[in-house]
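Only the coordinates and a few stated rules stand behind these numbers; no lab work does. Bear in mind the structure is a predicted one, so any value in this text is a computation, not a measurement. Neighbour counts are summed over all protein chains in view; Cβ atoms, including those assigned to glycine, are modelled from backbone coordinates with ideal geometry.
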Amino acid sequence: MMDDLKELYQEVILDHSKHPRNFGKLDPCSNEAHGYNPLCGDTLNVFLNLSSDDVIEEILFDGKGCAISIASASLMSEIVKGKTKVQASTLFDKFHDLVTKEDSTLLEDDDMERLVVLAGVKQFPMRVKCATLSWHALQSALNGNKDTTTE
């Protein structure tokens, strides 16, 4: 059963990395940020259009990276679209806990259940930075910063 679950998770990650959702450049956009992981060279740009009441109306990303960083960005872009800045920041915190804490039990909502496919990276600290790169870039974009690194 656990092997089937691992295989399913790997399939979801591969699907999102080979066929990323919301991939492209949003021009014009209201907010954007560039994320860079100096440990592996992954680089991502996140582009947002925020409504006047701080709802993420549109989100696209582009860049180059490993399967985990692209899949994470793809999943993130699907999940945060339609969320407010506050909701997106809360999701960032929950996702960060999911991929870094051993006792993470944050699966109380559908969004986190979709992200559990990336929980296995916590066993590989170098990969945590790949999984969180797009999320750090999202946070930077939401806060009006242009650049972020995962150091």
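Details
- Cross-chain or 6+ apart pairs with Cβ under 7 Å, the range 80-104 first and within 14 Å of Ser134 (Cβ to Cβ), then in a helix (DSSP H, G or I) and among the basic types (Lys, Arg): Val99/Lys122
- Number of positions in the range 23-47 that are over 25 Å from Met126 (Cα atoms), in contact with an Asp or Glu (Cβ under 7 Å, 6 or more places away or on another chain) and surrounded by 11 or more Cβ atoms within 10 Å (Cβ to Cβ): 3
- Among the residues of this structure, Ser77 does not count as one that is touching an Asp or Glu at 6+ places or on another chain (Cβ under 7 Å), surrounded by 16 or more Cβ atoms within 10 Å (Cβ to Cβ) and within 20 Å of Val128 (Cα to Cα).
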